[in-house]
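Accompanying notes for the structure given below.
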Amino acid sequence: MAHYYTTGEFARMAHVTIRTIRYYDNKGLLKPSFVNESGYRMYSDEDFLKLQKILSLKYLGFSLKEISNMTIHDTSSDILQSLKMQIDLVQKKMENMNQMEHALQNTMQIVQQTNQIDWNEILNLIHLTDMEKTLVEQYKNGANLNIRISLHEQYSTNPKGWFPWLYEQIDFTGVQNLLEVGCGNGELWKQVPDNVLQGKYICLSDASGGMVHDAAVNIGRERKKFFDFRVLDCQELPFPDGHFQRVAANHVLFYVQNMAKALEEISRVLSGDGEFYCSTYGTGHMHEITELVQEFDPRISLSEVALYKLFGLENGQKLLEPYFSSVEKRMYEDSLWVDKPEPLLDYILSCHGNQSELLYPRQREFKKFLEEKIRRDGGISITKEAGIFICRK
């Protein structure tokens with residue numbers, strides 16, 4: 001039997017002030033389960049889970065706007081996923097705090113022994129303090145990537161799936177060394193059997209330390225032995241010429257600041273008979289989502305720049321040809337059929353444009369807008385234009 005509590009009872013049981021509950025209510029973070037006939041705002045046991053997550057994320061450094069985006073669709077069935085996410089964040093924060101304690105101890109010891117300040121240790125302390133912001137940013141990046149992958153996994157019409165297809169495009173014959181730049185959460189390598197990995201040096205790299213950490217966790221403790229995880233910038237690769245028989249970059253090149261430099265480096269570390277695999281989108285990729293948000297609010301832009309203009313299926317071959325002797329394009333045939341509003345809203349909020357600012361105060365209104373579209377047509381059809389270039393040295 002469900003139990004319900006007034007605002008005062010709920011606040012008292014949670015050991016927070018009534019003002020705190022009302023504040024989160026006004027911000028749209030913690031709405032009551034219902035308002036009774038007398039006008040009392042009533043909260044349920046499940047609302048304690050929501051409050052716990054809000055307080056936990058606030059403690060870990062997330063803003064109220066970020067917390068709203070992360071909790072708006074939470075249900076009681078999400079509790080295990082929610083707790084797992086919080087444990088991961090707490091562990092990262094504990095690691096950061098342990099490093100901070102060690103640096104403080106070292107600094108104090110040096111001052112006590114020499115009566116002098118080691119300015120390198122002071123700089124290290126500044127760096128560790130700043131890592132608090134980095135922790136939050138890295139988690140947001142990882143969470144957004146998982147949201148985008150999840151939409152494709154759940155609603156793609158092609159049963160093959162992007163990552164299994166991508167794995168099938170890579171020729172592992174005679175490969176000793178392989179490099180992935182921009183490995184993200186390492187999802188590609190969950191498709192690869194152990195016998196293919198054995199006896200090879202496989203370096204999974206990303207410019208984001210948070211992504212590299214997520215890749216190691218996602219791949220799992222038992223299979224980590226097959227990989228070398230590194231935080232690397234693909235514009236400056238610390239490997240000798242011709243070191244790798246294969247290099248992969250899955251939806252990465254359009255994020256690189258200096259693409260020419262990155263392609264020079266990738267070509268340099270690729271062996272004479274090597275192959276470079278790089279994937280991207282086309283101009284029509286998921287255009288229905290852009291049209292949806294702009295129908296709701298024409299001011300919304302899901303990206304500061306159209307990524308396919310930087311490196312897409314239409315212009316990619318021309319950009320690659322100066323660095324490789326041959327470039328072949330292969331297309332992945334797929335589309336999405338989405339019949340629930342929540343995953344679509346999560347995906348939209350995970351994009352890199354101004355949508356959070358404009359949708360934040362109108363999220364529930366936008367959700368109803370999506371629900372009406374789905375109710376009318378049974379679902380929303382979304383075009384996918386994705387593929388891969390296979391480049392030979």
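The values are calculated or read from the model by the stated rules, or taken from the named source; none is laboratory data. Bear in mind that the values here come from a model prediction, so they are computed numbers and not experimental data. Methodologically, a virtual Cβ is constructed for each residue, glycine included, from the backbone with ideal geometry; neighbour enumeration extends over all protein chains shown.
Points worth noting:
- Residue list for the stretch 192-223, filter: of a type in the set (S, T, N, Q) and either more than 19 Å from the chain's Cα centre (by Cα) or over 20 Å from Asn177 (Cβ atoms) (or both): Asn195, Gln198, Ser208, Asn218
- Considering the stretch 241-285, the residues that are small (Gly, Ala, Ser) and over 23 Å from Tyr201 (Cβ atoms) include one that is surrounded by the most Cβ atoms within 10 Å (Cβ to Cβ), namely Gly282.
- Matching residues, the stretch 43-60, being touching a Phe, Trp or Tyr at 6+ places or on another chain (Cβ under 6 Å) and surrounded by fewer than 18 Cβ atoms within 10 Å (Cβ to Cβ): Ser44
- In the stretch 210-242, the qualifying residues are those that are touching a Leu at 6+ places or on another chain (Cβ under 8 Å) and assigned to a loop (DSSP other than H, G, I, E, B), and the one that is nearest to Leu270 (Cα to Cα) is Gly242.
- Qualifying residues in the stretch 172-209 (those that are touching a Cys at 6+ places or on another chain (Cβ under 8 Å) and in a loop (DSSP other than H, G, I, E, B)) - the one surrounded by the fewest Cβ atoms within 10 Å (Cβ to Cβ): Ala207
- Test: residue in the stretch 301-310 that is outside any loop (DSSP other than H, G, I, E, B), without any contact (Cβ under 8 Å) to a residue 40 or more places away in the chain and either closer than 30 Å to Leu29 by Cβ or in contact with a helix residue (DSSP H, G or I) (Cβ under 9 Å, 6 or more places away or on another chain) (or both): yes
- Pairs, first farther than 13 Å from Val293 by Cβ in the stretch 356-385, second of a type in the set (Val, Ile, Thr) and surrounded by 14 or more Cβ atoms within 10 Å (Cβ to Cβ), C-beta under 7 Å, six or more apart: Ile374/Ile380; Gly379/Val338
- Apart from one condition, Leu29 fits all of (1) over 34 Å from the mean Cα position of the chain (by Cα); (2) surrounded by 12 or more Cβ atoms within 10 Å (Cβ to Cβ); the exception is (1).
- Every residue from the stretch 311-320 that is assigned to a helix (DSSP H, G or I), among the hydrophobic types (A, V, I, L, M, F, W, C) and surrounded by 20 or more Cβ atoms within 10 Å (Cβ to Cβ): Leu320
- Cβ pairs under 6 Å, 6+ apart, first in the stretch 329-346 and touching a residue at least 12 places away in the same chain (Cβ under 8 Å), second assigned to a strand (DSSP E or B) and of a type in the set (Lys, Arg): Asp334/Lys384; Ser335/Lys384
- Here is the figure for the stretch 207-217: residues that are modelled with pLDDT of 90 or more and closer than 19 Å to Gln91 by Cβ total 3.
- Residues being more than 12 Å from Asp233 (Cα to Cα), of a type in the set (Asp, Glu) and not in a strand (DSSP E or B) - total across the stretch 248-275: 1
- Of all residues in the stretch 323-361, those being in contact with a strand residue (DSSP E or B) (Cβ under 6 Å, 6 or more places away or on another chain), of a type outside the set (A, V, I, L, M, F, W, C) and assigned to a strand (DSSP E or B) number 7.
- Flag if Ile67 is in a helix (DSSP H, G or I), under 23 Å from Phe48 (Cβ atoms) and modelled with pLDDT of 70 or more: yes
- Looking only at the stretch 18-70, and only at residues there that are in contact with a strand residue (DSSP E or B) (Cβ under 7 Å, 6 or more places away or on another chain) and small (Gly, Ala, Ser), the one that is nearest to Ile348 (Cα to Cα): Ser33
- Odd one out for Lys368, checked against (1) closer than 28 Å to Lys31 by Cβ; (2) crowded, with 17+ Cβ neighbours inside 10 Å: (2)
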